[in-house]
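The values are calculated or read from the model by the stated rules, or taken from the named source; none is laboratory data. For clarity, every value in this text was computed on a predicted model and none was experimentally measured. Cβ placement follows ideal geometry from the backbone for every residue including glycine, while neighbour counts extend to all protein chains displayed. Ligands, DNA and RNA are excluded from the accessible area calculation, which covers all protein heavy atoms including side chains. Shrake-Rupley method; radii C 1.70, N 1.55, O 1.52, S 1.80 Å.
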Amino acid sequence: MANQNKIEQWFESRKSRKKDLKANHLWKGVCSGDRFELSKAITLIESANHQDRVEASKLLKKCISSKKSSWRIGITGVPGVGKSTFIESFGKIILEKGLKLAVLAIDPSSSISGGSILGDKTRMDWLSNQENVFIRPTPSGLNLGGVAKHTRESILLCEAAGYDVILIETVGVGQSETLVHSMVDFFLLLMLAGAGDDLQGIKRGIMEMADALVITKADGENLTKAKLARTQYASALHLFPPKENEWIVPALVTSSIENNGLEEVWKNISNFFTKYQAEGWIQLNRSRQELLIMNQHVSELWFTKMENDKKYKVELERLTQLVISGKLNGYMAAEELVKSLIANPS
Ligand SMILES: Nc1nc2c(ncn2[C@@H]2O[C@H](COP(=O)(O)OP(=O)(O)O)[C@@H](O)[C@H]2O)c(=O)[nH]1
Ligand SMILES: [Mg+2]
């Protein structure tokens, strides 16, 4: 029996040594800029397997300590506004500057549809065949929090792999805009001319988050309408409260099909990064984003821990009865619950 245990232990240690080799191997692959290895590394961080999570965590710590960074840019707008087509044409400009580009998509609705951005990848036909480009669709089958965590971790991996610019496209609608805004330095909002804000489902809050507004499809018959929309949005922007970093939000027009206005977008973005990297705002904003995550995640972890705690369940049941019988109100019960768990941790 003792021998049997020893044999099992030996196999276990061999397995973990192998895993360790795998993480180290992946790290080397990621650093060398090998896209296939980067893909495998992202698959590792997406895994729910416990051992994989341990390895993923090692890998991510290496990424953080490598201190490589990128320009993190979010691209949002209603479906059909032209985000993917814009990325295809704008990506070309980024490559022409000699930069490496990663494109990540964030689509919380994919957890329902089970789909990814396969259709979009075909819109990025040219881009996806370029050597200095890495495109990764949203992982499917996750909730909103899960999608956000994996995208953030993918950003770190892409940075370690030497990507200079990371574009994060929102694919679904709804909460994804806020989510993307919370993980980027620059937030680009694409809009259609003449569709009306209500029609576009663009909430005022999203316009307030934008660092640049871009009216898309400014070509053919639509050109005049697009220019008019630019003037209207430019004056609407004056009514918004000034940005904390005092950035003046530009309203621009583009045609991804005719390749017009894209250099202007790039100029605005590079001015933004040059200015705010020098002033330290980019770093400040990133620290704030991380602290927000830390606070949210602490609450989530505590909640999960408590839900599985026997003492918590018993205490909760006791206090529930006191609330039902009118002896305590909700606030009192919650305070008592936390107090008793702190006094008698399990
Ligand atoms: N005329 C014109 N059509 C465009 C332009 N950009 C995108 N489109 C078209 O708009 C539709 C939606 O584009 P897509 O990039 O898939 O939008 P997304 O859903 O926001 O990613 C497609 O039929 C595109 O061909 C543009 O600059 N000009
Ligand atoms: Mg798209």
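Figure the gain on full extension for residue 228 and residue 51 (residue separation times 0.36 nm, minus the Cα-Cα span) and round it to one decimal in nm.
This chain segment gains 58.1 nm when fully extended.
Sort 228-240, 260-272, 159-171 by packing, meaning the average of other beta carbons within 10 Å per residue, with the highest value first.
159-171, 260-272, 228-240
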Checklist entry - Rounded if a/c is under 1.5, else prolate if a/b beats b/c, else oblate: with a ≥ b ≥ c from the C-alpha gyration tensor eigenvalues square-rooted, which is the range 208-346? => result prolate
Next on the checklist: If I compute solvent accessible area with a 1.4 Å probe over the protein chains, what percent of it on the chain is carbon and sulfur?
Outcome noted: 57 percent
Next on the checklist: Taking a ≥ b ≥ c as the square roots of the Cα gyration tensor eigenvalues, with a/c under 1.5 meaning rounded and otherwise prolate when a/b beats b/c, else oblate, which class fits the chain?
Outcome noted: oblate
Next on the checklist: Under the rule of at least 5 residues apart or a separate chain, name every residue whose amide H is placed under 5 Å from the amide H of residue 252.
Outcome noted: 213, 214, 215
Next on the checklist: Using a 7 Å offset from the Cα along the Cα-to-Cβ direction at both residue 5 and residue 343, what is the distance between the two label points in nm, to one decimal?
Outcome noted: 4.2 nm
Next on the checklist: Before I look further, what does the chain give for accessible area per residue, probe 1.4 Å, in whole square angstrom?
Outcome noted: 55 Å²
Item to check | Sorted largest first, extent of the range 234-309 alpha carbons per principal axis (Å) | outcome: 60, 32, 26
Item to check | Listed pairs 68/203; 28/100; 68/267; 313/339; 100/267; 97/227 exceeding 25 Å between Cα atoms | outcome: 68/203; 97/227
